[in-house]
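Following: one structure in structure tokens, then a few remarks.
The values are calculated or read from the model by the stated rules, or taken from the named source; none is laboratory data. In this text the structure is predicted, and so the values were computed from the model without any measurement. So basically every Cβ, Gly included, is an ideal-geometry build from the backbone, and we count neighbours across all protein chains shown.
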Amino acid sequence: MNKLIVSAMIFTITASLNASDYPLGRNKDPKTVDDINPISLFFKKALWETLSLPGMRFMANLNFPESTIIFFNVENAVAFTIDDGFCGMDNPNGDMTKEIRELFKKYDAKATFFTSGSHCKHTESNEIKLLLEDGHEIANHSMYDTPYNKFTKDDFLKDFEMTNEILSSYTFNIPKWYRAPHAKVSKDMMEVIDLKGYKHVMCDGFANDTSIPDPEWISSFILRKTKPGSIILIHMPEKGVREWNYEAIELTLKGLKEKNLKILNLSEISKLSEQNNFISN
């Protein structure tokens, strides 16, 4: 699609959006590694380790509807997902899509980018196009980085469709994956997701990277918890906001390669899982 048309569409949809209308979920999170003191960082890590002791898959299954996808039935691959693509409304000069695309290319890896509609405004449409050409995919993560579990069904549906409209300006092949921002999903949300024929996707490999600005620890935690079929989640880094996640992603990609695991997007690993189920039956 012509770049001017894409830009005009995004501008039209997002022109009325104001970050202050929906408080950004990351407002209370550290933006740089210097925004948290060592003691707080230590306790955040200890708390996350404790909460995950029963197992990430077990905890996810307890907290989300039964239809939510937590992992896949495969033996030699994992899915990599990036949340909050691509650049927040509060950080117009922070886009790192190009850097992340080059990083994944370096490790011959693919990812699904759960994209917030309002986060597309400050990202060059050509960069997203190149991302798609490299074999990655973009998926619905709602318009804003804010919880939606208090929205009415009608309001959530409008937001869901608005996000899809923005995503469709980049590709006609929007995969039917949805991830609820802040991992908060309601019955009304699930009804809309089901109505639209989408699958709600969470993960079993997440290191609370929005609150713990330590890339080596994030990577180490994820690699310790990762199993074949895992769905990994790291949030999109931006210049000046969660920039530590660039290093966390690289260390994680490197570690997964050392484990001889293929790194796929959700559609790829889903197809592989279906093939395995067919063979086993």
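A few notes on this one:
- Count of region 257-275 residues which are in contact with a Leu (Cβ under 8 Å, 6 or more places away or on another chain) and farther than 16 Å from His136 by Cβ: 2
- In region 163-204, the residues that are of a type in the set (Ser, Thr, Tyr), over 15 Å from Ser67 (Cβ atoms) and not in a loop (DSSP other than H, G, I, E, B): Thr163
- Qualifying position, being at pLDDT 90 or above, polar (S, T, N, Q) and over 24 Å from Leu261 (Cα atoms), among Thr32, Thr81, Thr68, Thr12: Thr32
- Selected residue [at pLDDT below 95 and either closer than 17 Å to Glu127 by Cα or part of a helix (DSSP H, G or I) (or both)] from Leu4, Leu17: Leu4
- Selection within region 163-177 - within 10 Å of Asn140 (Cβ to Cβ) and either at pLDDT below 95 or in contact with a Gly (Cβ under 8 Å, 6 or more places away or on another chain) (or both): Thr163, Ile166, Leu167, Lys176
- Within region 113-127, being outside any loop (DSSP other than H, G, I, E, B), in contact with a helix residue (DSSP H, G or I) (Cβ under 8 Å, 6 or more places away or on another chain) and within 16 Å of Pro237 (Cβ to Cβ) holds for Phe113, Thr115, Glu127.
- Count of region 31-48 residues which are surrounded by fewer than 16 Cβ atoms within 10 Å (Cβ to Cβ) and either part of a loop (DSSP other than H, G, I, E, B) or touching a helix residue (DSSP H, G or I) at 6+ places or on another chain (Cβ under 7 Å) (or both): 3
- Count of residues meeting criterion [free of Cβ contacts under 8 Å to residues at least 40 places away in the same chain and surrounded by 23 or more Cβ atoms within 10 Å (Cβ to Cβ)] in region 124-151: 2
- All conditions in (1) closer than 25 Å to Asp214 by Cβ; (2) surrounded by fewer than 13 Cβ atoms within 10 Å (Cβ to Cβ); (3) touching a His at 6+ places or on another chain (Cβ under 9 Å) hold for Asp83, with the sole exception of (2).
- Out of Lys199, Lys239, one residue alone is surrounded by fewer than 24 Cβ atoms within 10 Å (Cβ to Cβ), within 26 Å of Asn164 (Cβ to Cβ) and in contact (Cβ under 8 Å) with a residue 60 or more places away in the chain. It is Lys199.
- Among the criteria (1) out of contact with any Asp or Glu (no Cβ under 8 Å at 6 or more places or on another chain); (2) within 21 Å of Thr115 (Cβ to Cβ), the one His235 does not fulfil is (1).
- If the condition is being part of a helix (DSSP H, G or I), in contact (Cβ under 8 Å) with a residue 12 or more places away in the chain and surrounded by fewer than 17 Cβ atoms within 10 Å (Cβ to Cβ), then region 49-78 contributes Glu49, Asn63.
- Inside region 58-95, residues that are of a type in the set (D, E, K, R) and either farther than 22 Å from Asn149 by Cβ or in contact with a Ser or Thr (Cβ under 8 Å, 6 or more places away or on another chain) (or both) make up a count of 4.
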